[in-house]
Amino acid sequence: MKKPKINQNIYSNISKNIKKYRRQKGIKAEELAELIGISNSYMRQIESNNFKYHCSFETLYKISVVLEVSIDTLIKK
């Protein structure tokens with residue numbers, strides 16, 4: 001079996017896409033943080049280009065619900 005190609009930039013993709021879709025919906029980062037129950041500083045870390053922390057699947061799911069996009073959309077390049 002051939003080894004699958006693993007996207008090493010997945011966190012960069014997630015942070016860029018969250019910011020992109022949040023802005024398209026006209027929602028401030030602070031508002032999104034409040035809507036999904038996380039701190040403003042954690043939301044800023046998630047959207048940071050240097051995002052190196054793992055956000056939980058639950059957090060990613062909540063973000064996708066508020067932004068009305070699929071989790072797959074948030075992960076895609």
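Listing for the model above:
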quantity	calculated
Qualifying residue in the range 29-40 (condition: in contact with a Phe, Trp or Tyr (Cβ under 8 Å, 6 or more places away or on another chain) and either of a type in the set (A, V, I, L, M) or under 14 Å from V65 (Cβ atoms) (or both))	yes
Total residues in the range 1-34, condition assigned to a loop (DSSP other than H, G, I, E, B), without any contact (Cβ under 8 Å) to a residue 24 or more places away in the chain and farther than 14 Å from K77 by Cβ	6
Residues satisfying the stated conditions in the range 42-65, i.e. under 15 Å from K20 (Cβ atoms) and free of Cβ contacts under 8 Å to residues at least 40 places away in the same chain	M43, I46, E47, S48, N49, S64
Residue match in the range 49-59 (condition: of a type outside the set (D, E, K, R) and touching an Asp or Glu at 6+ places or on another chain (Cβ under 9 Å))	no
Of all residues making up the range 35-75, the number that are surrounded by 10 or more Cβ atoms within 10 Å (Cβ to Cβ), assigned to a loop (DSSP other than H, G, I, E, B) and modelled with pLDDT of 90 or more	5
Qualifying residues in the range 1-33 (those that are among the aliphatic types (A, V, I, L, M) and surrounded by 10 or more Cβ atoms within 10 Å (Cβ to Cβ)) - the one farthest from S48 (Cα to Cα)	I27
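The values are calculated or read from the model by the stated rules, or taken from the named source; none is laboratory data. Quantities reported herein were computed from a predicted structural model and do not represent experimental measurements. Cβ coordinates were reconstructed from backbone atoms using ideal geometry, including for glycine residues, and neighbour counts include every protein chain displayed.
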